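I have placed the structure first, in the form of structure tokens, so that the comments after it can refer back to it.
The values are calculated or read from the model by the stated rules, or taken from the named source; none is laboratory data. This one's a predicted model, so the numbers in the text were calculated from it and none came from an experiment. Glycine also receives a Cβ, built like all others from the backbone with ideal geometry; neighbour counts cover every protein chain displayed.
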Amino acid sequence: MERNLRKERVGIVTSQKMDKSITVLVERREKHAMYGKFLKKSNKFLAHDENNDCNEGDVVRIAETRPLSKRKRWRLAEIIERAK
């Protein structure tokens, strides 16, 4: 059985105070329709971190998954860069 492609996002861990959960801030740049200026837009996602590996400031990749709780629909795919 082949699995469909899941959405992936890269962001920074802003909170890991919960057990097996992290908050990931994902920023993107969007061009203003009229003025052409680039604006920073951001979203926060709750992601599942099974082994509590992440720390605040880590750059991580999260992948879309089935709903795990009320707000948690993402899981940790990989840690790209550890916080200094």
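The table for this structure:
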| item | result |
| --- | --- |
| Residue match in segment 1-10 (condition: among the polar types (S, T, N, Q) and not in a strand (DSSP E or B)) | yes |
| Some residue of segment 24-44 being of a type outside the set (Val, Ile, Thr) and buried (at least 17 other Cβ atoms within 10 Å of the Cβ) | no |
| Odd one out for Gly36, checked against (1) free of Cβ contacts under 8 Å to residues at least 24 places away in the same chain; (2) touching an Asp or Glu at 6+ places or on another chain (Cβ under 8 Å) | (2) |
| Answer from Leu25, Leu46, Leu68, Leu76 - the residue that is at pLDDT 95 or above, under 22 Å from Arg6 (Cα atoms) and in a loop (DSSP other than H, G, I, E, B) | Leu68 |
